1. Does the stretch 375-384 contain any residue that is crowded, with 18+ Cβ neighbours inside 10 Å and of a type in the set (S, T, N, Q)?
2. Do any residues in the stretch 8-19 that are more than 13 Å from residue 170 (Cβ to Cβ) have Cβ atoms under 8 Å from those of residues that are open to solvent by 50 Å² or more (accessible area, probe 1.4 Å), where the two are at least six apart or on different chains, and which pairs are they?
3. For a quick check of your reading: which helices (runs of 4 or more DSSP H) sit entirely within the stretch 69-144 and have at least 1 residues that are farther than 24 Å from residue 264 by Cβ?
4. Go through the stretch 78-99 and give me each residue that's open to solvent by 10 Å² or more (accessible area, probe 1.4 Å) and touching a residue at least 24 places away in the same chain (Cβ under 8 Å).
5. Would you tally the residues in the stretch 41-63 being assigned to a strand (DSSP E or B) and touching a residue at least 40 places away in the same chain (Cβ under 8 Å)?
6. Restricting the first residue to the stretch 261-289 and requiring it to be near the ligand (Cβ under 8 Å from one of its atoms) and in a helix (DSSP H, G or I), which pairs with a second residue that is at pLDDT 95 or above and open to solvent by 30 Å² or more (accessible area, probe 1.4 Å) meet a Cβ separation below 6 Å and a spacing of at least six or different chains?
7. Would you confirm whether any residue within the stretch 305-328 is in a helix (DSSP H, G or I), assigned by TED's automatic domain parsing to the domain that holds residue 361, closer than 12 Å to residue 61 by Cα and near the ligand (Cβ under 10 Å from one of its atoms)?
8. If residue 337 satisfies every condition in (1) within 13 Å of the ligand (Cβ to nearest atom); (2) closer than 25 Å to residue 89 by Cα but one, which is the exception?
Amino acid sequence: MDKLKEKFRVKSAKLKQEVRELRKTHGTAVVADVNIAQIIGGMRGIKSMLWETSELDANKGITFRGHSIPQIKEILPRTKGGKEPLPEGLFWLMLVDEVPTQAEVNWLSKEWYKRSKLPQIALNAIAALPVKTHPMTQFIIGINSMQSTSVFADRYSKGMSKNDYWDATYEDSMNLIARLPRLAAYIYRRVYCQGVHIAPNPKLDWAGNFAHMLGVNDHEDFKSLMRLYLTIHADHEGGNASAHTAHLVNSTLADVYLSYGSAMSSLAGPLHGLANQEVIKWIFDMTKKLKTTKPTDAQVKKYVNDTLKAGKVIPGYGHAVLREPDPRFTAQRVFAEEYIQNDDYVKIVWQLFRVVPDILGALGKVKNPWPNVDAHSGAILVHYGLKDYTYYTVLFGVSRALGVLAASCWSRALGLPLERPKSVNSEWLKTQVKNKKAK
Ligand code: CMX
């Protein structure tokens, strides 16, 4: 058994006992209320699922096993001479709640490289799609097609014990994460580079290799960007749409090819991950309309107001949980300040940050007028030559695998059951209100 798996086995066995004891001894203790607005309003804030890998605070933003993004940047191993954290380290941290050593992260890079070859079936499935199919659709179909290689599905069909579910899920998760950069780069080169593919480099780390295979920019800074990007998009606790989708589907004992594939369908919606393509598209439309990449604040304000008047949302702004600027936005801003000088699109992102919150705040209904993670990423990618924005959500998706697959390992190790909340109809809600009045 590899050492990461052994660590996970020991830690998860301990927590499994603790969680069982908690449920047995305190199962009826009430810890949260639910109101009508939450039931009608997309279940905002209802505490109803177990998720170990990260936690989201409305004001402080995301913490991974208790560590904020600035802390992650400090404590996680990097490449030699590099300044950005390696996503391998974040996966390790989320999975076993320990900051890995450099040697452990180097081992994981190599392990993922060893497991990274794409099965022919994925290439065939993608080849069957028109090249113009949205990259997220190609990505989802590629992931689902590899389900036939699932260790979990195979062992389950042969009669695996419940106690071994975690082991098969770990194997599937490691294989799938390892393959994703190759799958995603394959789609990129197929759609935007006439199908001319770039072989992986065994000397590179997971994110560095992804940057290399995308082939848009040879500069070391683009690899650094990918390391940061794939770290900060990895997890946002369990309630966000993609993570929650994975959790739900995985709770049926569907393997991670199916559950993570479903999560990617969720990420592909414009209110969630697709917002990253919508942001830059909206900015490009603005510069085209205004015929300048250096608009004045007055011009930007009018463009924002016109978008709202047309009944549309401002992409990249607002959040279901956050009530302050997203630390993932700030991390990208810090990156841009350090690595990029004088880029018009980056400056527009910063200009929007000055202009949009007041306008959204004045509407009186937007709970969070601040930028989210998607507000910044496009302008930086454009700077490095990745202008094909219909691809952006795939990048988000590759990163999100780290969180949802680490969490899937935990769900299977803790023996979490089939997810099945209760739904009610509007008549029931009205009756509750009537009964309350009568009391
Ligand atoms: N622009 C305009 N209106 C907005 C808005 C925005 N960026 N954000 C929220 N609102 C509106 C809502 O549409 C809603 O209006 P109605 O009452 O008329 O329906 C009202 O403000 C209240 O919404 P809220 O409670 O503040 O926000 P929600 O929790 O319902 O929605 C989110 C959150 C992200 C879907 C929303 O802010 C939004 O649509 N943002 C733009 C899309 C986006 O950037 N999504 C990416 C989020 C991050 C991610 O998951 O990747």
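The values are calculated or read from the model by the stated rules, or taken from the named source; none is laboratory data. Model, not experiment: these values are computed from the prediction. With ideal geometry, Cβ positions are generated from the backbone for all residues, glycine too; neighbour counts draw on all protein chains shown. Each accessible area value is taken on the protein alone, full model and side chains, heavy atoms only, with ligands, DNA and RNA left out. Shrake-Rupley method; radii C 1.70, N 1.55, O 1.52, S 1.80 Å.
1. Checking the stretch 375-384: at least one residue is crowded, with 18+ Cβ neighbours inside 10 Å and of a type in the set (S, T, N, Q).
2. 15/52; 19/50
3. It comes to 69-75, 87-96, 102-114.
4. 78, 79, 82, 83, 97, 98, 99
5. Total meeting the criteria: 5.
6. From residues that are near the ligand (Cβ under 8 Å from one of its atoms) and in a helix (DSSP H, G or I), the pairs are 278/270.
7. yes
8. Result: residue 337 fails condition (1) only.
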